[in-house]
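Data first, discussion second: the structure below is written as structure tokens.
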Amino acid sequence: MGVMHRLVDRNEEFVSKFRHGDRTGAPAQHLALLTCMDARIHLAPALGLDIGDANIIRNAGGRASDDAIRSLVISTELLGTNEIAVMHHTDCGMLKFTNDDSVPSCRPRAGSTRPASTSFPSQRSSRACATTLRRSRRRPWWPTASR
Ligand SMILES: [Zn+2]
């Protein structure tokens, strides 16, 4: 059985027991959290979050990319979020390589198109987090509640 079949089977079991379908997409704690996609980060137990507590936005490195900002704007402007947390972590892969490291293997498919720059090589996690916040706050769409 492949991974996708296992996921579908587990989801059917999960759905049969799910009792939170009456909740809206608005975060009950009025919180949005931007963090890395690293598979080791298990946010609910790590932060004591329950289903529906926060809007979670994840990408490689937990960067305030245009798409992450778009999600944060929706969370703050339409879903009642009034706090945004940016959480980075130790041993983040985005501190070990740059986008240029991934480009050669993509070049045959992508040609001259390049992915958006999102990495901060050689920075410690705490410094990368500060850089994300500083860059984010300069962007016109960054929600004013978190400036
Ligand atoms: Zn990471």
Provide a single number: the residues in the stretch 69-93 that are closer than 18 Å to residue 30 by Cβ, touching a helix residue (DSSP H, G or I) at 6+ places or on another chain (Cβ under 9 Å), without any contact (Cβ under 8 Å) to a residue 60 or more places away in the chain and not in a strand (DSSP E or B).
0
Given (1) away from the ligand (no atom under 16 Å from the Cβ); (2) of a type outside the set (Val, Ile, Thr); (3) surrounded by 12 or more Cβ atoms within 10 Å (Cβ to Cβ), index of the condition residue 95 fails:
(1)
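Residue-by-condition table, conditions (1) at pLDDT 90 or above; (2) of a type outside the set (Gly, Ala, Ser); (3) under 17 Å from the mean Cα position of the chain (by Cα):
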{"site": "39", "(1), (2), (3)": "yes, no, yes"}
{"site": "57", "(1), (2), (3)": "yes, yes, yes"}
{"site": "63", "(1), (2), (3)": "no, yes, yes"}
{"site": "68", "(1), (2), (3)": "yes, no, yes"}
{"site": "78", "(1), (2), (3)": "yes, yes, no"}
{"site": "84", "(1), (2), (3)": "yes, yes, yes"}
{"site": "111", "(1), (2), (3)": "no, no, no"}
{"site": "114", "(1), (2), (3)": "no, yes, no"}
{"site": "125", "(1), (2), (3)": "no, no, yes"}
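The values are calculated or read from the model by the stated rules, or taken from the named source; none is laboratory data. All values derive from a computational prediction rather than experimental measurement. Quick reminder, even Gly has a Cβ in these numbers, built from the backbone with ideal geometry, and neighbours come from all protein chains shown.
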